[in-house]
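Novice: Starting off with a structure, shown below.
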Amino acid sequence: MPSRKYAAHPVQRHAVRGFTLFEMVVVMGIVGILMAIAIPSYQYVTNSNRISAEINGLLGDLQFARSEAIKEGQTVSICVSTNGTTCAAGNTAWNNGWIVLSPSFATPLRAQSAFSGTDTLTANNTISAIQFNREGFAAGLPNGALLTLHAATPAAGSTRCLSVTLIGLMTVQAYNGGTCT
């Protein structure tokens, strides 16, 4: 029996690569849904972290000023400053920056520059400076101080309050329904 010869070029099957238009639309729909869920959550987290960092920066500098007053045995002040070297008298917008001053030093002990965003940090009773005496008490505050930090983009939980009592106790409070708790 004569041998059969096969065609010189046998038919080869090629794997189909790529994806269909339908598959691409489904994937884009899933990605769109996930982004619609994730982006607001991400904005809330970054907003919350920024607000916490700003209020904790002031809290840390207030605690530092109080501890320096006790350590040095003399009054140490923290005040609003727009230039990082001198107090801005009458300015209650703490978001412009602040400095920690001691009479025994020619330069500020610490300086905080203005907030980079448009968040606002203001004090009640037009307080532009807080002084701690050698015992650590907040001197010259009428019923203490309440500084309120509002985020530029209002959202739930985007406002914080920092309370300073006459005895020097400092607490960060949440803002619920128009009041600090």
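Just so it is clear, none of the values below were taken in a lab; they were calculated from the coordinates. Quick caveat, the model's predicted, so the values are computed rather than measured. Neighbour counts run over all protein chains shown; Cβ positions are idealised from the backbone, glycine included.
Novice: Out of region 124-142, which residues are over 16 Å from residue 58 (Cα atoms) and either part of a strand (DSSP E or B) or among the β-branched types (Val, Ile, Thr) (or both)?
Specialist: Selection gives 126, 139.
Novice: Assess whether residue 148 counts as being part of a strand (DSSP E or B) and more than 14 Å from the chain's Cα centre (by Cα). Quick ask: steps written out before the conclusion?
Specialist: On the way: part of a strand (DSSP E or B): yes; more than 14 Å from the chain's Cα centre (by Cα): no.
The answer is no for residue 148.
Novice: Which of the residues spanning region 25-82 are touching a strand residue (DSSP E or B) at 6+ places or on another chain (Cβ under 8 Å) and either farther than 29 Å from residue 148 by Cα or of a type in the set (Asp, Glu) (or both)?
Specialist: Passing the criteria: 54, 61, 68.
Novice: Can you tell me which residues in region 71-107 are in contact with a Lys or Arg (Cβ under 7 Å, 6 or more places away or on another chain) and at positive phi?
Specialist: Correct list: 73 only.
Novice: Every residue in region 39-79 that is touching a helix residue (DSSP H, G or I) at 6+ places or on another chain (Cβ under 7 Å) and under 22 Å from residue 158 (Cβ atoms), please.
Specialist: 58
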